[in-house]
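Scroll down for the structure; my scribbles are underneath it.
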Amino acid sequence: MASSNMYRIGDYVYFENSPSNPYSIRRIEELNKTSSGNVEAKVICFYRRRDISNSLLLLADKHAKDMEEDMDEASTDLSENERHQLNHKELYLSRQLDSLPATYIRGKCSVTLLNETEDLKSYLNKSDTFFYSLVYDPAQKTLLADRGEIRVGCKYQAEIPPLINENGYDGKEDESREEMVWNPNNELSKQQVDQFMVISRSVGTFARALDCNSSIRQPALHVSAAAASRDITLFHTLTCLHKNKYNIADAISSLVPKTGPMLCKDEMEDWSPSEANLFEEALEKYGKDFLDIKQDFLPWKTIASIVEYYYMWKTSDRYVQQKKLKAAEAEGKLKQVYIPNYNKPNPNLIKPVNGESNGKACEGCFCTSSFQWYTWGPPNMGCRLCATCWMYWKKYGGLKMPPSSRLERMHNHKIKGTDKELRYRPPNSGVAIVATGGPHRAQRISHKTKQAFFLNATKLTRLARRLCNETFSIRHYSRRPFEAINIAAIKAECQVRLSSSPKVTTKFPQKKWPPLSVVVVRLLTLRPQLTHQSVKKSLSKIKTSVEVATNNNHHLLPSSGSLKRSHHNGIAGQKMGDNGSIYRVSNGPQKKKRCLNSTDASDDMLFVCTDRIRDIRKRIKSSDQRSAARKPTKFLINMPKFAMKPPPTKHINPEPIVIDD
Amino acid sequence: MALSNPGGSRKVCYYYDSDIGNNYYGQGHPMKPHRIRMTHNLLLNYGLYRKMEIYRPHKCNAEEMSRYHSDDYIKFLRSIRPDNMSEYTKQMQRFNVGEDCPVFDGLYEFCQLSGGGSIAGAVKINKHQTDIAINWAGGLHHAKKSEASGFCYVNDIVLAILELLKYHQRVLYIDIDIHHGDGVEEAFYTTDRVMTVSFHKYGEYFPGTGDLRDIGAGKGKYYALNFPLRDGMDDECYEQIFQPVITKVMEYYQPSAVVLQCGADSLGDRLGCFNLTVKGHAKCLEYVKKFNVPILMLGGGGYTIRNVARCWTYETAVALGQEIPNELPYNDYFEYFGPDFKLHISPSNMSNQNTMEYLQKIRQRLFENLRMLPHAPGVQMQDIPPDAVVSGSDDEAMDDPDKK
């Protein structure tokens, strides 16, 4: 177990930056002990798909497609579900460095560069394995493939010489390529060479005794003998033998020329103690900048001799001592660190209430039983994940199933509004043609909680609805809201039709929405308990939202402020608003006469059917009622006249009906 | 003449110049030519020195370097010095000299020695005077035609291969450095007379080339082979890819000479991320040796210098077919090898990210590419005017094919 908890430089690890978000994936570059005794990890950041923008993802997918062409065919036919999970396994390398406390480490994983021979499915089957093929620059927001290039052209290739003769060299001896310094095919036996080496070292020892410099520095005979046994003497001895054509007698006489016995000294021996001190002083001052050391401290030495001395000095005791000091300093730099398993409960863990799983099913797999549950998503939604899906979310940053198949599974559940998963919509799954951008825009307009959700039909969408009656039956799909629509086919048909009959009416009757003032006045009559001031305040907010909404050619849905839209009883909102009947909402902010704020509005609303409404219903033709149900935002044209009159105030229940979620 | 003894013992020529170790790239630079001297001293004290022909190579000249490199680049390398750098700022940028490839005292001589050794080794092989030639100062595989790169200025490998091509129809280049042998691959990307095979870490790693899909171009298509690897390669995995790939390459290509770049950064290394041991690294050489084709062995990367010295010492022993004890002999740099003072190193406990499945898939793909090769492609024998051959001094006459 210990080895799995031992984290080393170069390991890929999960880091927990926040309890509710997925882990970050990092590679340990350095482990440093801080002065407080904690271990800080310097890490390289990897990014997930969810971390980078959609436009870049498009680019990345295009790159992946190119790559797929190189891949084995078997790996390309992935189911939608597999693609979805594979997206969780793809990372983007960055060159961004980060520093994190090592205690945030939550386990190891593996990240590898995707190779085209690999089956993508192999990444699906193995847990904690990720791949990358692109490098992401978080500052520039760019992606790039990290692949060098071998250049082709006469500027890069060598000119290949013609073959002279394959059978080998027929030319004369090459004049001067090399100089032989040792030939193993000599007359001498190994023993003879060894003997000559001893003679040479003895001569060297004697020469040191004669040399006054040496005799002062090496008072002991064995020190002189050791000095005479250094590699320089050995090399010289062998060269001497070679030069004398392996004739021992000649070689011996060359060891003792007329000038005296041969003395070979290397830099280590040659340098005086004062020079050695200067060198150490210089090394402390300049580090290993030998050019500066030469200039300022040892101008009479060559760089080569300083370098040679330096490498020999490193074997000396003085260096070893220095090294120990340095090692103590470097203790802060760790090679590995032991991080025990993290056992503290995650704050998102739902404390079991009598062991009962009272709550929604798991958002990821729809199971209803799990030994642990975790809250997930925006807190007001009360969504939760089972233990398995929670781990999946933490590690891979998504839910196991793609949104489309989750939608199918959710058929029997009520729609919970937009959720983050919609971001991961695979390009062709086409959740619904009408949903393009809807949820996000809605959010932006109203600054509302995630549940705000309305469908925004753009002009093009509306056009497509009419044009593409071949591939797209609006009635069919409106009855089966969970069926995936093939958006590509519709696009194709739309293009064909547009080009074949360019005179298609692209104008749609502009929807007439009541002007803002009317809405506000109605609001006031609806809510007499609202003060003018508070309305004014909220009005400014509503106004901006309304402007944005109309600019974008949105239906002015009561998505902002206190105007509500219910998903389930859509008939109510507008109709009742029109005839001034009551609909009351929510957790009682009105009670306190609080200013209406677009952000604190709740989405849950209740339609209270009063006697009056029942009365109205009775008067409306059933066909009108049905049409109203389908077009909740439309005025009821055949509304009985009296209903349009402002109702007498006394009929209004002055107390709001308070509903708790 | 060549002694082809399958028993393991081979004639080895070894090239070394004692000046090489004193070249210093600069403070904090990981490339340390001193490692070549450390290797040399170990060889001496292991007694291996006495068992091979030792040569001091002559410095190669600018004209020899220009057989591959562009004239203005070599001229620049010849003129640049730490004290005149400021006059060359523009050219330094153009030739990528400055940061990774700094200007240091004796830079040009360093290039001359490294190139001289490799060319001399190639000539030795051309003359059939040796089975194996070794130049640990060579193997600088990143240098480009007009550009320094990755601590390499002059591509001694390309120069040596060009020399070999005079007498060898097909030359195989094998690169077991952890980095891709991009300089050599680029130089011979469009020819079928040199096949380049490189095993290297790929993905967010210098020099960024070496994709499986890079297979050569033009006439050289399928004559470049790249085996991209991931972190943590160990001896066992390396053997399982190296041997079958090289077997197939030998079978299909049938080279008459092999150049083996023995970059030692594929061991546990300061800049590397593989986990080979000295034994695993040397297994590659052992295997190549079995084919009885002359080998030019060159150095390359390697930035944990004590391990570089261990590795190249052991590989010299393997080249000679000699067993050497694990106990390191005393030498001038003995203290570098503490605390254990042993020849062999143990692998670290880093995890191997190369799964068997991954390696097999890549291997499979490379085999498919190899099947595209015609068996042992021939080159048309060039018509050489008789006077060119007669005019003797081989290199000079053949240097410049345009003259003929």
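The values are calculated or read from the model by the stated rules, or taken from the named source; none is laboratory data. Only a predicted model underlies this, so the values are computations on that prediction, with no experimental measurement involved. No Cβ is skipped: glycine too gets one built from the backbone with ideal geometry, and neighbour counts run over all protein chains shown. Remember, those area values only see protein heavy atoms, side chains included, never the ligands or the DNA or RNA. Shrake-Rupley method; radii C 1.70, N 1.55, O 1.52, S 1.80 Å.
In table form, for the structure just shown:
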quantity: Residue within the stretch B:313-325 that is within 14 Å of chain A (Cβ to nearest Cβ), of a type in the set (V, I, T) and part of a loop (DSSP other than H, G, I, E, B) present; calculated: no
quantity: Residue that is open to solvent by 20 Å² or more (accessible area, probe 1.4 Å) and within 9 Å of chain B (Cβ to nearest Cβ), where the choices are A:D66, A:D146; calculated: A:D146
quantity: Identity of the residue in the stretch A:319-337, under 28 Å from B:I20 (Cβ atoms) and more than 12 Å from every other protein chain (Cβ to nearest Cβ), that ends up nearest to the chain's Cα centre (by Cα); calculated: A:K326
quantity: Residue within the stretch B:197-212 that is closer than 30 Å to B:R56 by Cα and within 9 Å of chain A (Cβ to nearest Cβ) present; calculated: no
quantity: Positions within the stretch A:232-263 being modelled with pLDDT of 90 or more, outside any helix (DSSP H, G or I) and open to solvent by less than 30 Å² (accessible area, probe 1.4 Å), in sequence order; calculated: A:Y246
quantity: Which listed residue is within 7 Å of chain A (Cβ to nearest Cβ) and of a type in the set (G, A, S), from B:A187, B:A137; calculated: B:A187
quantity: Residue within the stretch A:146-156 that is within 22 Å of B:E186 (Cα to Cα) and at pLDDT below 80 present; calculated: yes
quantity: Verdict on B:K124 being closer than 27 Å to B:Y88 by Cβ, out of contact with any Gly (no Cβ under 8 Å at 6 or more places or on another chain), touching a residue at least 24 places away in the same chain (Cβ under 8 Å) and facing chain A (nearest Cβ under 9 Å); calculated: no
quantity: Pick from the stretch B:335-359, criterion assigned to a helix (DSSP H, G or I) and more than 9 Å from chain A (Cβ to nearest Cβ), ranking: nearest to A:M6 (Cα to Cα); calculated: B:M356
quantity: So B:L260, is it open to solvent by less than 10 Å² (accessible area, probe 1.4 Å), touching a Ser or Thr at 6+ places or on another chain (Cβ under 7 Å) and under 25 Å from B:N155 (Cβ atoms); calculated: no
quantity: Extreme residue, nearest to the other protein chains (Cβ to nearest Cβ), among residues of the stretch B:19-40 that are open to solvent by 20 Å² or more (accessible area, probe 1.4 Å) and without any contact (Cβ under 8 Å) to a residue 24 or more places away in the chain; calculated: B:Q27
quantity: Matching residues, the stretch B:43-87, being more than 10 Å from chain A (Cβ to nearest Cβ), part of a helix (DSSP H, G or I) and among the hydrophobic types (A, V, I, L, M, F, W, C); calculated: B:L43, B:A62, B:M65, B:I74, B:F76, B:L77, B:M85
quantity: Failed item in (1) within 24 Å of B:G232 (Cβ to Cβ); (2) surrounded by fewer than 20 Cβ atoms within 10 Å (Cβ to Cβ); (3) among the small types (G, A, S), with A:S35 passing the rest; calculated: (1)
quantity: Test: residue in the stretch A:272-289 that is surrounded by 17 or more Cβ atoms within 10 Å (Cβ to Cβ), closer than 24 Å to A:S214 by Cα and within 14 Å of another protein chain (Cβ to nearest Cβ); calculated: no
quantity: Unique match (being more than 14 Å from every other protein chain (Cβ to nearest Cβ) and among the basic types (K, R)) among A:K243, A:K294, A:K258, A:K314; calculated: A:K258
quantity: Selection count where residues are open to solvent by less than 40 Å² (accessible area, probe 1.4 Å) and either in a strand (DSSP E or B) or of a type outside the set (D, E, K, R) (or both), scope the stretch A:48-58; calculated: 4
quantity: Residue match in the stretch A:113-127 (condition: buried (at least 18 other Cβ atoms within 10 Å of the Cβ), touching a Lys or Arg at 6+ places or on another chain (Cβ under 6 Å) and within 11 Å of chain B (Cβ to nearest Cβ)); calculated: yes
quantity: Qualifying residue in the stretch B:104-119 (condition: away from chain A (no Cβ under 13 Å), of a type in the set (A, V, I, L, M, F, W, C) and in contact (Cβ under 8 Å) with a residue 12 or more places away in the chain); calculated: yes
quantity: Of all residues making up the stretch B:276-300, the number that are open to solvent by less than 10 Å² (accessible area, probe 1.4 Å), farther than 20 Å from B:H344 by Cβ and in contact with a Ser or Thr (Cβ under 9 Å, 6 or more places away or on another chain); calculated: 2
quantity: Answer from A:K155, A:K141 - the residue that is more than 9 Å from chain B (Cβ to nearest Cβ) and surrounded by fewer than 15 Cβ atoms within 10 Å (Cβ to Cβ); calculated: A:K141
quantity: Candidates B:F95, B:F151 - the one that is open to solvent by 10 Å² or more (accessible area, probe 1.4 Å), away from chain A (no Cβ under 12 Å) and hydrophobic (A, V, I, L, M, F, W, C); calculated: B:F151
quantity: Residue satisfying all of: in the stretch A:208-235; hydrophobic (A, V, I, L, M, F, W, C) and touching a Gly at 6+ places or on another chain (Cβ under 7 Å); farthest from A:E267 (Cα to Cα) among these; calculated: A:L210
quantity: Residue among A:V203, A:V223 that alone is over 60 Å from the mean Cα position of the chain (by Cα), surrounded by 12 or more Cβ atoms within 10 Å (Cβ to Cβ), part of a helix (DSSP H, G or I) and touching a residue at least 24 places away in the same chain (Cβ under 8 Å); calculated: A:V203
